[in-house]
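S.K.: Please read through the structure below; I'll follow up with questions.
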């Protein structure tokens, strides 16, 4: 991290930063897999006995996967930081339009598609007012709120440009962390005091500000990777902190043992988890051709799978329960298979259909 001086200017000699880093494609693909795990295990978190082995099997992967959304935001911030470091910046209007075409317009389509799919099974009432509410708040499916958050961050590109140019990375990240922690507390208080604010809780960009800003500076300054020996110690130290956080959270989950407010440790654990994932992706950079093709395909499928997997989970769970499957273990296994195999199979079918309609 020696290249991260307390300055708001890119490192000397890097006149033309890349517009993207291929390692981020692998990172986003892995984060997509982790998001799926969060939603697969959510049923177990609410239904499993916290003191049982089943509770542990559910809780550990669920908690470890929760770095995925901070990871997505860090990666998004890093991509914007790379762009802000370039000599020329694309015009604001076309930039926002590209972002909307990439994530927001698909979000609108998928919200409508989910709504139509939920009508036959009685999950929604069937009214324009209800649909409009779901579109505005991103609450029809668990992953949709992320699109609203990231669009807010895209819209604030002029602010991020001024931040990285005028404020050093240490002050910028520290300020973002303070704002984020304050926002987490204030949003909870506001939701309790003002019922109309409750649907907005957790859907404002300041709730995740630290991860985005850290990514911004990482992309803008592009710190050099440590030497192999230092990198090994960094990996071991990061792993120890993440495992410590996991252990403390599990004690709180299973036995109600509370040492301190673990929300204060959560940003550090998430950031170090992101670092470990980045190191894994860097190690995969020179992998064999077969694995490289698979990772590239995984990345290409990730956005479609991100949107569709909760629909697959909802229908798979409903079908299993209708067939008389009520064992939590069997339900979780069925959800796991459906979410991963089913979602990627749907992408494969959709991609084949698209290639048939629009051959290259």
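S.K.: Work out the FRET efficiency for residue 327 and residue 166 from their Cβ-Cβ distance, taking R0 = 45 Å, and round it to the nearest 0.05.
M.R.: The calculated FRET efficiency here is 0.20.
S.K.: If we count other beta carbons within 10 Å of each Cβ, what is the order of 356, 317, fewest first?
M.R.: 356, 317
S.K.: Here's something else I'd like to know. Once you wrap a convex hull around the alpha carbon atoms of the range 129-178, what is its projected area averaged over all directions, in nm²?
M.R.: 4.6
S.K.: Let's test the formula: R0 of 25 Å, r as the Cβ-Cβ distance of residue 53 and residue 243. What FRET efficiency results, to the nearest 0.05?
M.R.: Result of the calculation: an efficiency of 0.85.
S.K.: Another one. Listed highest first by mean packing, meaning other Cβ atoms within 10 Å per residue, what order do 201-207, 31-37 come in?
M.R.: Taking the mean over residues of other Cβ atoms within 10 Å, the ranking is 31-37, 201-207.
S.K.: Can you give me the Kirkwood hydrodynamic radius for the range 42-134, using every pair of distinct Cα atoms, in Å to one decimal?
M.R.: Averaging 1/r across every pair of different Cα atoms and inverting gives 17.5 Å.
S.K.: Same structure, new question: Within a 10 angstrom radius of the beta carbon, how do 224, 279 rank from fewest other beta carbons to most?
M.R.: Listing 224, 279 from fewest to most nearby Cβ atoms yields 224, 279.
S.K.: Further question on the same structure: Quick check: Cα centre of the range 259-336 to Cα centre of the range 114-156, how many Å?
M.R.: 21
S.K.: Which one of 126, 81, 334 has the biggest mean-square fluctuation once the chain is modelled by GNM with Cα springs under 10 Å?
M.R.: In this elastic network of the chain, the residue with the biggest mean-square fluctuation among 126, 81, 334 is 126.
S.K.: Quick one: Kirkwood hydrodynamic radius for the chain, alpha-carbon pairs, angstrom, one decimal?
M.R.: 22.1
S.K.: With r defined as the distance between the Cβ atoms of residue 254 and residue 198 and R0 fixed at 25 Å, what FRET efficiency is calculated, to the nearest 0.05?
M.R.: 0.30
S.K.: When the chain is modelled as a GNM with alpha-carbon springs shorter than 10 Å, which of 344, 109, 74 fluctuates the most?
M.R.: Maximum fluctuation in the GNM of the chain, among the listed residues, is at 109.
S.K.: Still on this structure, I have one more. Please order 47, 25, 87 by the number of other Cβ within 10 Å, starting at the fewest.
M.R.: Arranged by neighbour count, lowest to highest, 47, 25, 87 become 87, 47, 25.
Throughout, read-outs are computed from the coordinates displayed, never taken from laboratory work. The shown structure was predicted, so the numbers you read here are calculated from the model rather than taken from an experiment. As a convention, Cβ positions derive from the backbone with ideal geometry for all residues, glycine included, and neighbour counts pool all protein chains shown.
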